[in-house]
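A quick write-up on the structure given underneath.
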Amino acid sequence: MKTKNKAGKPKEASLHSTERLFVLNIPLAVILLLLVLTKELNPYIALFSFLAASALTVVLILPFLYELEKFVSHLRRFTSGKNLEEEEQSGDVFFPSAPEKKQKIILSRRTHAEVSKISDALSQLKENWRTRMGLLEAQTLSDAAIIENLPDPLLMIDVNKRVVGENKAARSLFHSSLINEEISSFIKDKNFLIALSKVLEGEQSKELIEFSLPTEKETVYFFRARIERLPAVTKFNACLVVALHDITLYRQIEQSQTDFFANASHELKTPLSVLSGLIETLQGPAKDDRQTQEKFLNMMSEQTQRMTQLVQDLLSLTKLHSPSPQPQNDVILIQDLLLSIQQSFRHIAEKNNMKINVKFIHDIPRLKGNLNDLYRVFQNLVDNAVKYGEKGSEITIEAYLTNGFPQEWDIPQTASTLQVAAVCVHNTGNPIPASQISRLTERFYRLETTRGTAVGTGLGLGIVKQIVMQHGGLLDIKSSKEDGTSFTVYLPTDF
């Protein structure tokens, strides 16, 4: 236990002050000793000078050192986080001199005022620091939440090319966590790995590259990867970040556009070539042949109608894909619409020794939509049934109500789909291969069995699907040798 001296000063504080005074007098003692050794100064005078200087130092500096000791003790106690409000109000400050005891120091008014000011400043600094730390922690948590919920996959990579951080989109893409996995184990694209190495080795600060990513289901995804070096290594030792943006849809659209223009050009090329040949013949060898002219003019009319129909279908597709949808304010009676189509195709069906029957299993309520568009939907389906159905067979148009869409489509039930009107156009004949059913609604797609013999533009079913989708419905196609082929349109009765 530390004790107090007669002045009430703790011996520990006095000891520290004496040590500092001794240190301050060392340079003077060395100088006086050198002067004595060089016989420049009398030893007695040197001793007297040292004692006088030491005494003067004690008188002038010791009070300051003692006040400094008390201030340091107070500051240590303040920074330890202990409450000093009671001691400051009484003008006393306690500091521990032993684990089990406390010594009391009485501060002077001047020291107490200075200490109070510094304490207030430190308290304010401490409060500001706590506030800033709280804001920083909240911002860090917010940033982490934002990164975790980004729609694009994000990977944090260390110097060994291992994943040390990921977000939810990355786990969803690869169906598992990738932590501690080397990135080359799941992204094997050569150009991507070269770009990653360049950034990692400091040749580039960032790289932007596109690559393909095959999946187990034999589908290929396309990504645009942004690889960028971080300004500093994170606490997880990540030194660069890889952000993946899925561009598969854009690639599919580009390919679709390429195919579309190629097919459209091909469809226009054939009738134009025929017209060109017929015109040359009429201008040359058949210039005066009336019978040949009549025959060729009929052929030219057919080819012109074919091109006109193609252009009209292209314009229809463009209109259906436009941002401004067609108005759907017509009140439609399915019964009247189907009976009208039956009447329109009666003569064409009879030429092929076919019969069209319409059955209404349920009383279909009125629908709201675009009458011309829906008429075109069922007109196209019946026309295809007549063209590709078995000669001498029967075409059936069946209308009924169902509770929601077919379960295999996995469409969530809503208030507008609790009751759905279904219209099925069925015919018999050569079945459609299962592998080709999903492609029937592609623009210009032709079945392998009908290529070279198919008539029309190849856009009809694409237009049908788009119209049905705009009416909130869906088109379901089924075909088999036993049951024949059926195209079923499902339309909500309230949309």
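The values are calculated or read from the model by the stated rules, or taken from the named source; none is laboratory data. A quick note: this is a predicted structure, and the numbers were derived from the prediction, not measured. When we count neighbours, we look across all protein chains shown, and the Cβ atoms used for this are built from the backbone with ideal geometry, even at glycine. Note: areas computed on protein heavy atoms with side chains; ligands, DNA, RNA excluded. Shrake-Rupley method; radii C 1.70, N 1.55, O 1.52, S 1.80 Å.
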task = Output yes when any residue across the range 199-210 is of a type in the set (A, V, I, L, M), over 21 Å from the mean Cα position of the chain (by Cα) and more than 24 Å from Asn149 (Cα to Cα), and no when none is.
result = yes
ask   = Within the range 202-233, restricting attention to residues that are more than 14 Å from Leu173 (Cβ to Cβ), touching a helix residue (DSSP H, G or I) at 6+ places or on another chain (Cβ under 6 Å) and of a type outside the set (D, E, K, R), which residue is modelled with the lowest pLDDT?
value = Gln204
ask   = When you scan the range 149-201, how many residues do you find that are within 13 Å of Glu228 (Cα to Cα), assigned to a helix (DSSP H, G or I) and of a type in the set (A, V, I, L, M, F, W, C)?
value = 5
key: Where a residue in the range 305-323 is at pLDDT below 75 and its partner, wherever it lies, is open to solvent by less than 100 Å² (accessible area, probe 1.4 Å) and among the small types (Gly, Ala, Ser), with Cβ under 7 Å and at least six apart   = Leu314/Ala264; Leu317/Gly462
note = Counted residues in the range 147-196 being out of contact with any Lys or Arg (no Cβ under 8 Å at 6 or more places or on another chain), among the polar types (S, T, N, Q) and within 18 Å of Leu240 (Cα to Cα) come to 4
query = Is it true that Leu249 is outside any strand (DSSP E or B), of a type in the set (A, V, I, L, M, F, W, C), open to solvent by less than 90 Å² (accessible area, probe 1.4 Å) and without any contact (Cβ under 8 Å) to a residue 40 or more places away in the chain?
reply = no
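Conditions tested, residue by residue: (1) touching a residue at least 40 places away in the same chain (Cβ under 8 Å); (2) surrounded by 12 or more Cβ atoms within 10 Å (Cβ to Cβ); (3) more than 24 Å from Gly165 (Cβ to Cβ).
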position	(1), (2), (3)
Arg226	no, yes, no
Pro231	no, no, no
Ala238	yes, yes, no
Val241	yes, yes, no
Pro271	no, yes, yes
Val274	no, yes, yes
Leu278	no, yes, yes
Gly284	no, no, yes
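Rundown of residues vs (1) open to solvent by 90 Å² or more (accessible area, probe 1.4 Å); (2) among the polar types (S, T, N, Q); (3) at pLDDT below 75, yes/no style:
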| position | (1), (2), (3) |
| --- | --- |
| Thr79 | yes, yes, yes |
| Arg109 | yes, no, yes |
| Thr131 | no, yes, no |
| Glu137 | yes, no, no |
| Lys161 | no, no, no |
task = Collect the residues in the range 373-391 that are free of Cβ contacts under 8 Å to residues at least 40 places away in the same chain and either of a type in the set (Gly, Ala, Ser) or within 15 Å of Gln335 (Cα to Cα) (or both), keeping them in residue-number order.
result = Tyr375, Gln379
inquiry  = Anything in the range 119-159 that is in contact (Cβ under 8 Å) with a residue 24 or more places away in the chain and within 30 Å of the chain's Cα centre (by Cα)? List them, or say none.
reply    = Asp152, Pro153, Leu154, Leu155, Met156, Ile157, Asp158, Val159
ask   = Would you call Ser265 in a helix (DSSP H, G or I), under 25 Å from Pro151 (Cβ atoms) and among the hydroxyl-bearing types (Ser, Thr, Tyr)?
value = no
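Quick grid of which residues meet (1) aliphatic (A, V, I, L, M); (2) at pLDDT below 80; (3) touching a Cys at 6+ places or on another chain (Cβ under 9 Å):
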residue	(1), (2), (3)
Thr402	no, no, no
Ile411	yes, yes, no
Ala415	yes, yes, no
Gly456	no, yes, no
Ser486	no, no, yes
ask   = What number of residues within the range 364-382 satisfy the criterion of being under 17 Å from Gln309 (Cα atoms) and open to solvent by less than 50 Å² (accessible area, probe 1.4 Å)?
value = 4
request  = Show the residue pairs that are 6+ apart or on different chains and have beta-carbon atoms under 7 Å apart, the first residue being within the range 166-179 and farther than 19 Å from Ile146 by Cα and of a type in the set (A, V, I, L, M, F, W, C), the second being open to solvent by less than 40 Å² (accessible area, probe 1.4 Å) and assigned to a loop (DSSP other than H, G, I, E, B).
outcome  = Phe174/Phe186; Leu178/Phe186
